[in-house]
Every structure is written in structure tokens, then in C-alpha cells.
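Before any comments, here is the structure.
Where a number appears in this text, it was derived from the coordinates with a stated rule and is not lab data. What you see is a predicted model; the values in this text were computed from it and never measured. Cβ sites come from the backbone with ideal geometry, for glycine too, and all protein chains shown count toward neighbours.
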Amino acid sequence: MHRILALSLFLVFLTPGAVAQDQTYDPDVLRTVVLDPGHGGENLGALGTTGAYEKDINLIIALKLKHLLEIRTNMRVLLTREDDRDVPFSERIGLANREKADLFISIHCNASFNARANGIETFVLSDAALQEESEKLATRRVARTGRLADAETDGAAAVVKDLFQQSGHDRAKAFANLLTGRMSKRTGSRIRGVKDMPALVLRGAEMPAVVVELGFLTHAVEGRRLASERYQKVYASSLYWSIVDEDKRLSRVQGPNRVASD
Ligand SMILES: [Zn+2]
């Protein structure tokens, strides 16, 4: 009898969602997360087979995800827009930088002229674009200390650049892999891959940042799913668990980050 009770308690612990009912998840590393629902206002994004606009679906899923994170965790969750308006890329990233976000997720849906195109795709800033960004960042950081002139010689720029590249790019990539894997498992969608690109959306980000293309609005099945409330919940929940998993992974790898990111 006791053994059965112990086993069921153990299983409850292993089941996703167990955290939600009894306790609030306390993040170690990802304490501030910025969600960026792509497009908005005049900027409609892709048009789905069902007539739904990408901008609306991005926002609905971002709001659902925000809600999940807020009721189940102690994370601080900020949205780059909470209603139907367009916000320039620089403002979206600017908010994340200003608020010292630990993670930036830009939420989008894909589209193609090929009606059969389908699957989940994530993007991180390409090495070349990142290099440029980190150099700019290094220069800015060094400039603040008033040592811009000898930045090259004392290696300060290189150090900041390396730190940013490693923690930013590698972490973004690791998270993107985790996210696509988890989402594919939940939705059955195929993984198109984690890709490097000079994404305008992510330029200037001072934290790990990813773009997720949840699926194709132009695909018969995925388009219907993306527009349905039931699947919107599934997408939000997959994103939720990816973020929690990522926090746990980072905590194991590098230990709690409470002091370092303050
Ligand atoms: Zn988009």
C-alpha cells in the first residue's frame, strides 16, 4: 500500500504540470523573459489558409504563454506588445536590453508559396551578424568605462566579445534545439531545423535570443491548428515547458545566476 502511494507520488513529480498545482517554480537563471509577438497593427505578417493573420496568432500564443509563466513560475514576463500594434524591432530588443532580460523569444508563424511546406523552425543570430553586434557591444561597454582608446590593445573588447558570443549564441542555440524538440514531440510537427541568420528581429540583443516559427499558416493542417484555440494552448504549453527546462538545464550547467545578472 505504502509502496503504491510512494510510486504514485513519484509519478506525480515526474509528470509535467505537477509543479503547477502545488508550488510555484522559482527560476534560477531565467528570471526575466521577454516575449515578442511578431508583427502587429498595419504589419499583418503572413495570411493563413483559414483567413487568420499571423500577427493575431502570435499575440494570442504570447499572451497564453505569459499567463502560464505568471501563474506557474516566479519569472518576470514582459511582452513587446500586448495589443494589435506594430512596434519597431529596435524598441522590441531595446525593451529586453533595458530590462536585462535573460531570454528573448520572438514568436512567429511561417508562410510559403509551396502549400506543402510545413514544420517548426527556429532562428538564432548568425555568427557574422553576431560578431558585428558583439563588437559594437564591446565598444559601447568599453566606452562607458572611458577606455575606448586602448580597447584593442588591452583586450577588453575581445573579452567582452567572447563572453557575449559564447553565452549569447551558444545558449540561444541550445535553447532553440530544446524548444524545437519539445514542440515537435507535442504537436507531431516535423523539425525543419535551428538556423543561423542575420535576423533583423534579433539584432542588438544582449541576451540569448531566438525566433520561433511555430508552423506554416499556408499549410492545410498546420494553418488550421495555428488558428485553433486548442492548438494555440499546445503551442503555448510547449513553449512554457521549454523555458522551464532551459532554466533547469542552465542551473545545472552554470549554477544559479542570481548575483551575476544583477
Ligand atoms: Zn512573422
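Here the calculated FRET efficiency for Asp28 and Arg190, from their Cβ-Cβ distance with R0 = 41 Å, stands at 0.80, rounded to the nearest 0.05. Distance from the alpha carbon centroid of region 20-82 to that of region 212-234 works out to 15 angstrom.
Pairs spanning more than 22 Å between alpha-carbon atoms, out of Lys100/Lys173; Lys100/Lys195; Lys195/Lys248; Lys185/Lys248; Lys66/Lys195; Lys66/Lys248: Lys100/Lys195; Lys195/Lys248; Lys66/Lys195.
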